[in-house]
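Below you'll find the structure, written out as structure tokens, and then a few comments.
The values are calculated or read from the model by the stated rules, or taken from the named source; none is laboratory data. Quick caveat, the model's predicted, so the values are computed rather than measured. Glycine gets a Cβ as well: all are built from the backbone with ideal geometry, and neighbour counts include every protein chain shown. Surface accessibility is based on the protein's heavy atoms, side chains included, excluding ligands, DNA and RNA. Shrake-Rupley method; radii C 1.70, N 1.55, O 1.52, S 1.80 Å.
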Amino acid sequence: METFLIRALQLIMSLSLLVIVHEGGHFLFARLFKTRVEKFCLFFDPWFTLFKFKPKNSEIEYGIGWLPLGGYVKISGMIDESMDTEQMKQPMQPWEFRAKPAWQRLLIMVGGVVFNFLLALFIYSMILFTWGDEYIPLEKAPLGMSFNETAKAIGFRDGDVLISADGVPLKRYGGDMLTSIVDARQVTVLRNGEEASVYIPEDMMDRLLADSVRFADYRYPFVIDSILPGSPAALAGLQRGDSITQLDGRTIAYEDYEADKLQRRQTNGSHDLLLTYVRKGVTDTLTLTTDSVYNLGVHASANAGKLFPYVKIEYSFFASIPAGVTLGVNTLKGYVGQMKYLFSKEGAKQLGGFGTIGSIFPATWDWHQFWYMTAFLSIILAFMNILPIPALDGGHVLFLIYEIVARRKPSDKFMERAQMVGMFLLLGLLLWANFNDVLRFFF
């Protein structure tokens with residue numbers, strides 16, 4: 001329950017910030033062009049509002065709705081989420097949206113998207129300034145990677161070190177790495193000290209989406225966390241913090257040992273076991289006597305990330321700004337590139353709602369991860385809103401571009417119907433996404 005509440009709080013905080021910034025973009029451009037704003041609402045408020053406030057001598061009402069699916073600013077003379085068609089039947093007033101030049105209306109409509117994207121760039125920059133950039137170079141992962149069954153089916157093997165995709169070096173783990181591999185025809189890996197090639201099928205992403213399991217992850221060193229008194233490991237002189245690298249000449253990682261231990265519990269008879277380990281950077285070997293390879297008397301730590309060869313890049317304030325912009329642009333490019341899979345059968349199944357979004361936040365409070373995910377969601381919100389779908393900012397932008405090119409406005413009746421169609425499309429998408437979450441939870 002505590003984990004759920006922490007994630008829910010992070011999700012609400014993040015979405016609230018993103019909605020305020022997005023609607024603030026529309027608000028500021030509207031005010032810049034002396035367009036009247038009647039209401040600024042965080043979340044939607046059908047039937048009733050949780051909180052509302054109207055400053056003295058102001059025409060703007062500020063409020064908080066009860067339905068946390070977004071928010072809106074109600075701009076005079078505009079067909080929007082409020083569907084206030086009665087206002088559109090009245091004579092046009094100079095302060096209304098519809099009375100403004102097309103270029104001003106265009107800037108008002110893209111203001112939310114622009115502000116969300118700028119917010120993401122700012123957050124990324126401040127993350128780099130505050131925490132720097134820390135990652136594990138793929139080619140230096142000491143035990144290579146472990147792969148899911150889909151990856152193994154096409155030729156990857158546990159322990160492979162990822163080198164390049166179609167000749168382009170693979171430097172770090174993440175979405176860019178996966179995209180490079182999926183789009184490549186040949187991936188080069190280092191296997192048992194020699195380079196090997198894995199050929200990628202054209203439907204690789206569809207296979208991975210159907211698998212619903214992470215493509216690959218780092219193989220963790222087998223680091224001793226505790227030793228049972230009187231056990232073979234204790235008698236042989238092993239110590240807490242020792243990293244076991246080989247058992248009887250076979251290279252072993254933490255997950256190998258744990259998997260084998262579950263499968264093989266039988267007693268093998270008393271025998272000597274040659275063990276290679278690393279202690280304080282020095283590699284050594286010893287022989288211990290045990291009745292089973294999987295009865296050493298040790299507990300290993302799965303959290304041995306500190307033993308990986310991390311690279312950390314520090315940024316000054318001014319250096320963090322271009323680095324944050326680059327990170328934000330690359331994140332947007334990666335997200336746009338992956339959108340094509342949404343229209344596949346398996347991609348549609350992976351679409352998630354608020355449960356999926358909430359699950360990407362950490363189970364414990366972590367400001368670094370909170371801000372990182374908020375920046376990522378800000379990128380998503382900006383991109384999704386600029387899509388040319390009626391009821392989204394992109395739909396209004398599309399009609400405004402048509403007006404500029406054709407030199408005539410679409411009729412109010414057409415705009416009303418387009419708005420309704422767009423709202424039904426978005427509602428259907430929202431229901432489908434959250435239905436997928438329900439299916440994942442119960443099945």
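Just a few scattered comments:
- Here's the picture: a label point sits 7 Å out from the Cα of ARG417 along the beta-carbon direction, and within the stretch 385-411 the residues with their amide nitrogen under 16 Å of it are 390-391, 410-411.
- The chain, helix-only ellipticity at 222 nm - DSSP H runs n ≥ 4, -39,500 (n - 2.57), divided by all residues, nearest 500: -14500 deg cm²/dmol
- Mean separation of Cα contacts under 8 Å, 6 or more apart, over the residue count of the chain: relative contact order %: 18
- Spatially, the stretch 32-62 and the stretch 140-161 are offset by 55 Å when compared through their Cα centroids.
- 5 angstrom amide H check on ILE75, placed H, neighbours 5+ away: GLU38
- With all protein chains modelled, accessible area of SER231 [1.4 Å, Å²]: 10
- Calculated from the structure at hand, Cα extents along the principal axes in Å is found among (1) 95, 48, 46; (2) 96, 60, 45; (3) 91, 62, 42 as (1).
- Rg/Rg_ref, the stretch 1-75, where Rg_ref = 2.2 N^0.38 Å and atoms are Cα: 1.24
- Placing ILE123, ILE12 in order of accessible area, with the largest value first and a 1.4 Å probe, yields ILE12, ILE123.
- Each of ASP217 and THR326 was given a label point 7 Å from its Cα along the Cα-to-Cβ line. The distance between the two points is 3.0 nm.
- Using 0.36 nm per residue and subtracting the Cα-Cα separation, the extra length available between PHE424 and SER231 on full extension is 62.9 nm.
- Peptides 66-79, 41-54 ordered by average Cβ neighbours within 10 Å, highest first: 66-79, 41-54
- Carbon-plus-sulfur accessible fraction, the stretch 352-433 (probe radius 1.4 Å, protein heavy atoms only): 73%.
- Shown in residue order for the stretch 46-52 are the 3J(HN,Hα) couplings computed by the Karplus curve 6.51 cos²θ - 1.76 cosθ + 1.60 at θ = phi - 60°: x, 6, 7, 10, 5, 8, 8 Hz (x for Gly and Pro).
- Across the stretch 172-179, coupling constants 3J(HN,Hα) worked out from phi with the 6.51/-1.76/1.60 Karplus curve, θ = phi - 60°, read 8, 6, x, x, 5, 4, 5, 4 Hz, and Gly and Pro carry x.
- Applying the Kirkwood pairwise sum to the alpha-carbon positions of the stretch 74-164 produces a hydrodynamic radius of 18.9 angstrom.
- LEU32/ARG185 FRET efficiency (R0 45 Å; Cβ-Cβ; nearest 0.05): 0.35
- Rolling a 1.4 Å probe over the protein heavy atoms gives the chain an accessible area of 54 Å² per residue.
- Neighbour net charge for SER58 - beta-carbon separation under 13 angstrom, K R +1, D E -1: +3
- Over the stretch 1-155, the pair-distance histogram of Cα-Cα distances with 10 Å bins from zero comes to 9, 26, 26, 16, 11, 8, 3, 0 percent, rounded to whole numbers.
- Label-point gap, in nm, between LYS152 and ASP248 - each point 7 angstrom along Cα→Cβ: 2.0
- Alpha carbon centroid spacing (whole Å) that separates the stretch 182-208 from the stretch 397-417: 48
- In a fully extended conformation the segment linking ILE12 and ASP366 would gain 125.9 nm over its present Cα-Cα distance, using 0.36 nm per residue.
- Each peptide among 21-31, 201-211, 400-410 gets the average number of other Cβ atoms lying within 10 Å of its residues, and from highest to lowest they stand as 21-31, 201-211, 400-410.
- Modelled FRET efficiency - R0 35 Å, LYS171 with LEU50, Cβ distances, 0.05 increments: 0.15
- Computed lengthening from GLU59 to TYR335, 0.36 nm per intervening residue step minus Cα-Cα distance: 95.4 nm
- The stretch 64-222: C-alpha gyration tensor shape, a/c 1.5 cut-off, then a/b vs b/c: prolate
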